[in-house]
Amino acid sequence: MSAELPFASVTELARMIARKEVSPLEVVRAYLERIAARDATLRAYITVCEDSALAGAREAESALVAGRAPGALHGVPIALKDLYDTAGVATTGGSKILADRVPDADATVVRRLREAGAIVLGKLHMVEFAYGPEGLNAHHGAPRNPWDAATERMPGGSSSGSGVAVAAGLAPAALGSDTGGSIRIPASLCGITGLKPTYGRVSRAGVLPLAWSMDHVGPMTRTVGDAALLLRVMAGYDPADASTSVLPVPDYLAALTGDVKGLRVGLLRAFFLESATPDVRAAVERAAAALQSAGAIVDEVALPAVAHVAAGAYAVVASEALAYHTAWLTSRPGDYDPEVRTRLQLGAFVTGAHYVKGQQVRALVRRDVDAALARRDVLLAPATPLTAPRLDERQTTLGDGASDVRSALIRLTRPFNFSGHPACAVPCGFSADGLPIGMQLVGRPFDEATVLRAADAYQRLTDWHTRRPVLA
């Protein structure tokens, strides 16, 4: 059993621990041993919290022996992207600037996870200050995509360590953040599930920002069921984050019926499928056919305003990121990754008029998505238009022509950060060279339940999410 523990789902681990079929200490040790054996190559972690994780496991075990009722995540290890504040543990944002920053309190979602019984394994690798989709980091070295670590392929970013850790069995689940796709991109490239909730569904208090009006936080897991379980614990109003909604949090697990009969699915072909490589396009079309065979009603839909997302979103993100970093760019410019520093500095060329026009484009995109979802329950598209590029790859060819890799990776996820709609990425196949392909399902605001229902039903029809990378 111990050899299989690192690939058990969160739901399975919680059930086995509650039934005393396995101890929290055994589970935590299994992950720590795997991290010690594999992470020197994969580089998923910046900080491993070995001592505190073992201490937490002993406490969880004692609580079970004493007969105290377990929480939903009692004894289950979870890892955190290194922009979530953790009391007494460094939270660096993957940067040199914050290398010595040790918060004195947990982020709201970290506190909620701990209250549900979760144990923090460590802090995960990320692109510096979450500003980039490839997964590169000049300070810590780039994590390796576990599906082709020898070729040194991108894991996707900015939640690079989160994608690698879950895919490679170095954590059963992780938290990421998503400003332009930073949960769904690594989920797609690493073959796992990644959920970006509705803007305002989950608190960002105690989470280092990139762009305050587009940042989302959410879970990265192996299964949709696990994402639903974590979201139920994480979601809800937080007085420390004025953007959070007061809407009640439903029981997301209850929505996972496996039934999609009559579910209306809008397949996004223009801009989305059209830009995908042939392998990706074929995999997503097969996924649509699988849902249709299960009783869903599939038609095609277009979002005309997405053609303007790149310019509009850049104006918003560049302005908001620069506002956060201005003081450090003045006092410590040499401590940034040069590429990240350049991206931040370019924000100075975005005028107030550009920012306003960006927000106007945002309203148009939100209107288009809402209109499409007025007659459909979810939208379906590739999560990324290509599979994992090599770490040194800068240019690529998509279905509609040449593109730089950075723009290609973010192209299909960013519209739904702009609009704020919930979106879940799940694996839907593999390329001819054995790399994962991801699709995303998008839903109405605060209707994560339907998005998760559709994604879970798809996972019940297929086995892509159960496959594991073979590590040398």
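The values are calculated or read from the model by the stated rules, or taken from the named source; none is laboratory data. This is a predicted model, so every value here is computed, not measured. Ideal geometry is used to build each Cβ from the backbone, glycine not excepted, and the neighbour counts take in all protein chains shown. Note: areas computed on protein heavy atoms with side chains; ligands, DNA, RNA excluded. Shrake-Rupley method; radii C 1.70, N 1.55, O 1.52, S 1.80 Å.
Is it true that T397 is open to solvent by less than 30 Å² (accessible area, probe 1.4 Å), closer than 22 Å to A282 by Cα, of a type in the set (S, T, N, Q) and touching a strand residue (DSSP E or B) at 6+ places or on another chain (Cβ under 9 Å)? It is false that T397 is open to solvent by less than 30 Å² (accessible area, probe 1.4 Å), closer than 22 Å to A282 by Cα, of a type in the set (S, T, N, Q) and touching a strand residue (DSSP E or B) at 6+ places or on another chain (Cβ under 9 Å). Reported count of residues in the range 65-96, each being closer than 17 Å to L25 by Cα and open to solvent by less than 20 Å² (accessible area, probe 1.4 Å), is 6. Consider the range 254-284 and keep the residues that are over 23 Å from the mean Cα position of the chain (by Cα) and of a type in the set (D, E, K, R). The one that is most open to solvent (accessible area, probe 1.4 Å) is K261.
Taking each residue of the range 29-42 that is part of a helix (DSSP H, G or I) and looking for partners that are open to solvent by less than 20 Å² (accessible area, probe 1.4 Å) and among the β-branched types (V, I, T) with beta-carbon atoms closer than 7 Å, six or more apart or interchain, yields L42/V164. Cβ separations smaller than 7 Å between residues 6+ apart or across chains give the following pairs from the range 52-64 residues that are open to solvent by less than 70 Å² (accessible area, probe 1.4 Å) to residues that are among the hydrophobic types (A, V, I, L, M, F, W, C) and part of a helix (DSSP H, G or I): A53/V28; A53/L32; L54/V28; A57/L25; A57/V28; E61/L25. Residue check: F430 meets all listed conditions (1) out of contact with any helix residue (DSSP H, G or I) (no Cβ under 9 Å at 6 or more places or on another chain); (2) surrounded by fewer than 18 Cβ atoms within 10 Å (Cβ to Cβ); (3) among the aromatic types (F, W, Y) but one, namely (1). Taking the criterion of being under 19 Å from N417 (Cβ atoms), touching a Lys or Arg at 6+ places or on another chain (Cβ under 7 Å) and touching a residue at least 60 places away in the same chain (Cβ under 8 Å), would at least one residue in the range 324-347 satisfy it? The answer is no; no qualifying residue exists. Condition (residue is open to solvent by 70 Å² or more (accessible area, probe 1.4 Å), charged (D, E, K, R) and within 23 Å of the chain's Cα centre (by Cα)) applied to the range 40-51: is it met by at least one residue? Yes, the range 40-51 contains at least one residue that is open to solvent by 70 Å² or more (accessible area, probe 1.4 Å), charged (D, E, K, R) and within 23 Å of the chain's Cα centre (by Cα). Scanning the range 149-166 for residues that are at pLDDT 95 or above and open to solvent by 10 Å² or more (accessible area, probe 1.4 Å) yields a single hit, R153.
All told, A79 meets the bar of being modelled with pLDDT of 95 or more, of a type in the set (A, V, I, L, M) and either in contact with a Phe, Trp or Tyr (Cβ under 8 Å, 6 or more places away or on another chain) or part of a strand (DSSP E or B) (or both). Each residue in the range 434-471 was checked for being modelled with pLDDT of 95 or more and over 16 Å from the mean Cα position of the chain (by Cα), and 24 of them qualify. What about T221, is it over 30 Å from L435 (Cα atoms), touching a strand residue (DSSP E or B) at 6+ places or on another chain (Cβ under 9 Å) and modelled with pLDDT of 95 or more? No, not satisfied. Note on the range 167-187: residues that are among the hydrophobic types (A, V, I, L, M, F, W, C) and either surrounded by fewer than 24 Cβ atoms within 10 Å (Cβ to Cβ) or in contact with a Pro (Cβ under 7 Å, 6 or more places away or on another chain) (or both) amount to 6. Taken as a whole, the range 92-114 holds no residue that is in contact with a Pro (Cβ under 7 Å, 6 or more places away or on another chain) and either assigned to a loop (DSSP other than H, G, I, E, B) or not β-branched (V, I, T) (or both). Across the range 442-458, the number of residues qualifying as small (G, A, S) and in a strand (DSSP E or B) comes to 1.
Here R204 meets each of (1) open to solvent by 10 Å² or more (accessible area, probe 1.4 Å); (2) in contact with a Lys or Arg (Cβ under 9 Å, 6 or more places away or on another chain); (3) not hydrophobic (A, V, I, L, M, F, W, C) with one exception, condition (2). When M439 is tested against (1) at negative phi; (2) outside any helix (DSSP H, G or I); (3) surrounded by fewer than 18 Cβ atoms within 10 Å (Cβ to Cβ), exactly one condition is not met: (3).
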